[in-house]
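One structure is given below, encoded as structure tokens.
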Amino acid sequence: MRRLALLPLAVSLAVGGLSGVAAAESAPVKRTAQCQGDWIPGTPTADEVMRGELSLVGLPPIKLGKKIDWDASPYRNRSWEYVFHSLRWMGTLVVAYENSGDEKFLERAKEITADWAARNKPGAAPPYVWKDHPTSLRTQALVCLSMHVKEDWLKSSLAQHAKLLSNPALYKKGHNHGIDQDIALMAIGCRYNRADWSRLAVRRLTETVEIDVDSQGALREQAPRYAVYVYGRIQVALENMRACGVKAPGAIVSRAESLKDFIAHSTQPNGYMAPLGDGSAETEPKMETGTPASKVKVYRAGYVYGRTAWGKPESAYYSIRFGPGMKFHGHEDHLGVTYYAQGRDILVDTGFHSYERSKYRFWTMSPEAHNIPTVVGERFRPRTASTLTRATYGKDRQSFRLTDKAYGVARNRAVLVNHDQDLMAVKDSAAGGRQVRNIWRFADSLSLVSREKGHLVLGDGKFKVSLVQLAGCTAVGGQKVERGGGLGWVSPTYLSKKPATVVVSPAAKELVTIVVPGVEDPKVSCSGGRVTVQTATGPVSFSTSSM
């Protein structure tokens, strides 16, 4: 079973117990709400921190040493740097102290934090140290420590954090970072009875949640996996309000509840979220979402999701992207599709590699890393919005039309998905008779088995899937197939890069692409624009002119 990997998101795992931390003989220490809970990452453990071993964001551990080098960046990895300066790993020591009563954990936590505070003043420290996210995430570790350390330097440092967190010029409104800033500011306000900080945090949080989560419950950050993070952080904020005696605004509660449907629709039948935008194929929501009433859902934020059934891993599932231009954690994936059928990934998105400013990272965000049409000879225009112009829902078939001007002229795509007799058909064209070309990225387990004019077969052992391409009723040959090379890659997990089979069509004024799971020879016939395809469970017919 694959597990969720969310370290780059700064999503933390619950620490129910600390392995290797023996119960001390000393008097019990009062456990505090500020230290207990699920805010600490699963690694490193308190024992590892005591030994000077620090493992962050899934990268190999480094040796800290007694005197810590706060300029350290052993992997030149931005996520490692901000998690390092979040000091949440220091927080494991305070929790260990609360759980065991052993003073050595608290003394080392105080030593680490006092050294950090002395050597990382705003303006003197590297710029990322005081950016919005490390600052907000660090606050809970400091507030936790303040429950047992009453020294002025710590209180002064928290006041410094509150000053920055309340600065409107640094606030990330309408973004998950803003939510974390508000959680942090409220924590300090509640800890030191600063009602002004608490009120500001609640007011800003209400505005941010209403922007970040729309009235349909869709997250506007253009990466569905972040909906899991945002939902969890809102729950933390609500719990903090209750603990602080602050009434939670109804708008925050209702938007959080509506997120659950979006998360459910964004999750494939295998239990993992569709890896759209900065989304890993390993993201498995660990929350109860309930079962939405509908099997097909269109979100104005730019998502179409459909499936044959809820609760059945073998059911079919698809996603289609459109909507506002790329922002936040989005990719240039408009008009792109993914397809899951017969218990398997068929057409996939490249996924998410990292936040590093690398050539490969920027390529994973480009149009060529998604299942999209391109307009031959025209320049791509980034951040272009696209529109869903038609949606038709049937019990066993749905169809959609989309368009945009990402290449300066109208680029059109029609998508038809047939269920029970599993099939996806896609028609691509562009205005003015310009030629189009499309890209199809298959799951990395599927390799090319055979090809003939207009018909390619990919397989993984006994399982086969066919791709058929037509122009009018004529089979189109000349497809380019890559595995690796310039296009044939996927990143299913953080920092991973695996070869996958990509099919690039030849150029044509109109292309109809048919994907048939579970069939090696789909026996396609076409007359007058009416296509009949033999699927694994029976024939499917459709008209290309009405797509």
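Taking one quarter of the surface of the convex hull spanned by the alpha-carbon atoms of region 266-366 gives a direction-averaged projected area of 6.6 nm².
Matching the structure-derived Rg and Dmax of the Cα atoms in Å against the labelled list (i) 25.9, 86; (ii) 22.9, 72; (iii) 23.6, 89 gives the label (i).
Residues in region 499-511 carry Karplus couplings, in order, of x, 9, 7, 10, 10, 10, 6, x, 7, 7, 5, 8, 10 Hz; the curve used is 6.51 cos²θ - 1.76 cosθ + 1.60 with θ = phi - 60°, and Gly or Pro positions show x. What pairs in K131/K327; K312/K359; K286/K497; K131/K155; K405/K464 have C-alpha atoms more than 28 Å from each other? Exceeds cut-off: K312/K359; K405/K464. Computed extension gain for I68 through A243, at 0.36 nm per residue and net of the alpha carbon distance, reaches 59.5 nm.
Using +1 at the Cβ of each Lys and Arg and -1 at the Cβ of each Asp and Glu in the chain, identify which of A425, A508, I252 lies farthest towards the dipole's positive end. Highest projection toward the positive end goes to A508. What a 1.4 Å probe finds exposed on the chain is 52% carbon and sulfur by accessible area, rounded to a whole percent. Per-residue ellipticity at 222 nm, computed for the chain from helices alone with -39500 (n - 2.57) per DSSP H run of at least four residues, works out to -8500 deg cm²/dmol.
Placing dummy labels 7 Å off each Cα toward the beta-carbon, the span from S156 to S258 is 4.7 nm. Using Cβ point charges alone (K and R +1, D and E -1), the dipole size of the chain about the Cα centre works out to roughly 1260 debye. In terms of Cα atoms, the Rg and Dmax of region 226-296 work out to 13.8, 41 Å.
In the chain, with Lys and Arg counted as +1 and Asp and Glu as -1 at Cβ, which of these residues, G518, W363, P61, has the Cα nearest the positive end of the dipole, that is, farthest along it? Most positive-ward Cα: W363. Working from label points 7 Å from Cα in the Cα-to-Cβ sense, the S445 to Q36 distance is 4.2 nm.
How many percent of all Cα-Cα pairs in region 26-139 sit more than 20 Å apart? Every Cα pair in region 26-139 considered, those over 20 Å come to 40 percent. For region 348-392, a simple Cβ point-charge model (Lys and Arg +1, Asp and Glu -1, everything else neutral) yields a dipole of about 180 debye relative to the Cα centre.
The H on the amide N of D102, modeled in the peptide plane, is under 5 Å from the matching H of A24, each at least 5 residues off or on a different chain. Taking the Cα centre of region 266-362 as origin and assigning +1 to Lys and Arg Cβ atoms and -1 to Asp and Glu Cβ atoms, the resulting dipole is close to 260 debye. For the chain, the longest principal axis of the Cα atoms and the long axis of helix 225-243 meet at an angle of about 30 degrees.
Near the amide H of D422, within less than 5 Å, lie the amide hydrogens of A536, T537, all on another chain or at least 5 residues away, with H placed in the peptide plane.
Across all Cα atoms of region 118-169, the radius of gyration (one decimal) and Dmax (whole number) stand at 11.0, 33 Å. In region 201-339, the ratio of gyration radius to Kirkwood radius, Rg to Rh, stands at 0.98 when only Cα atoms are counted. Per residue, how many Å² of accessible area does region 114-186 show with a 1.4 Å probe? Per-residue value: 38 Å². Across all C-alpha atoms in region 374-496, the radius of gyration and Dmax reach 16.4, 44 Å. When each of the peptides 417-427, 376-386, 216-226 is scored by the mean number of other C-beta atoms lying within 10 Å of its residues, the order from highest to lowest reads 216-226, 417-427, 376-386.
Note on Y393 and E452: the model spin-label points, each 7 Å out from Cα along the C-beta direction, lie 4.1 nm apart.
Along the axis of the charge dipole computed for region 370-490 (Cβ charges of +1 for Lys and Arg, -1 for Asp and Glu, origin at the Cα centre), the listed residues L388, G459, G477 are led at the positive end by L388.
Overall size of region 308-440 from C-alpha positions, given as principal axis extents largest first: 40, 39, 22 Å. Excluding ligands, DNA and RNA, the accessible surface per residue across region 376-499 is 43 Å² with a 1.4 Å probe.
Straight-line cross-link partners of K104 among the lysines, defined as a Cα under 20 Å from its Cα and at least 8 positions apart when in the same chain: K30, K63, K66, K67, K150. Taking only the Cα atoms of region 186-246, the ratio Rg/Rh comes out at 1.04, with Rh defined as the Kirkwood radius.
The values are calculated or read from the model by the stated rules, or taken from the named source; none is laboratory data. This is a predicted model, so every value here is computed, not measured. With ideal geometry, Cβ positions are generated from the backbone for all residues, glycine too; neighbour counts draw on all protein chains shown. All accessible areas refer to the heavy atoms of the entire protein, side chains included, with ligands and DNA or RNA removed. Shrake-Rupley method; radii C 1.70, N 1.55, O 1.52, S 1.80 Å.
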